[in-house]
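Peer 1: Provided herewith is a single structure, encoded as structure tokens, for subsequent inquiry.
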Amino acid sequence: MAINRTLVYAAVGMMVAAAGVAVADSYASNKQVDFFAPGKHQFYVWCASGKDFTTVEKGKSAEDAQMKLYNAVKAEGRSACWPVWQGRVAG
């Protein structure tokens, strides 16, 4: 009886692990789709001066929005700040 229980526990453990991998894969796929999608993208802007901030920028993709934000931040005189993509936001 103990062997059967062990096999059941092992099988259940493998199913839980497989479900976790599937969820993580789905999450990664959604993030990749969001990166290339048009719309509003959220960024954490890291500044060497320590005056970091979070903001949203519209773009054809995350890369487009990031470049717009990067150029805007540089135009404001913040030459030591870099936007880091956090994800796409609704709206």
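Peer 1: Work through the residues other than E57 whose Cβ is under 12 Å from its Cβ and net out their charges, Lys, Arg +1 and Asp, Glu -1.
Peer 2: Values: positive: K40, K58, K60, K68, R88; negative: E63, D64.
Charge balance near E57 sits at +3.
Peer 1: Less than 11 Å Cβ to Cβ from A72, Lys/Arg counted +1 and Asp/Glu -1: what total charge do the surrounding residues give? It would help to have the intermediate numbers written out before the result.
Peer 2: Numbers: positive: K68, K74, R78; negative: E57, E76.
Local charge sum for A72: +1.
Peer 1: Across the Cα atoms of region 37-89, what radius of gyration and what greatest pairwise Cα-Cα distance (Dmax) are found, in Å?
Peer 2: For region 37-89, the Cα-based Rg and Dmax read 10.4, 31 Å.
Peer 1: Same structure again: What percent does the relative contact order of region 37-89 come to when contacts are Cα pairs within less than 8 Å and at least six residues apart?
Peer 2: 47
Peer 1: In addition: Amide H of D52: which non-local residues (sequence gap of 5 or more, or other chain) have their own amide H closer than 5 Å, using H built in the peptide plane?
Peer 2: Amide H to amide H, under 5 Å and 5 or more residues apart or across chains, D52 pairs with C47.
No value in this document is a laboratory result; all are computed from the given coordinates. Small disclaimer: the values here were computed from a predicted structure and weren't measured. When we count neighbours, we look across all protein chains shown, and the Cβ atoms used for this are built from the backbone with ideal geometry, even at glycine.
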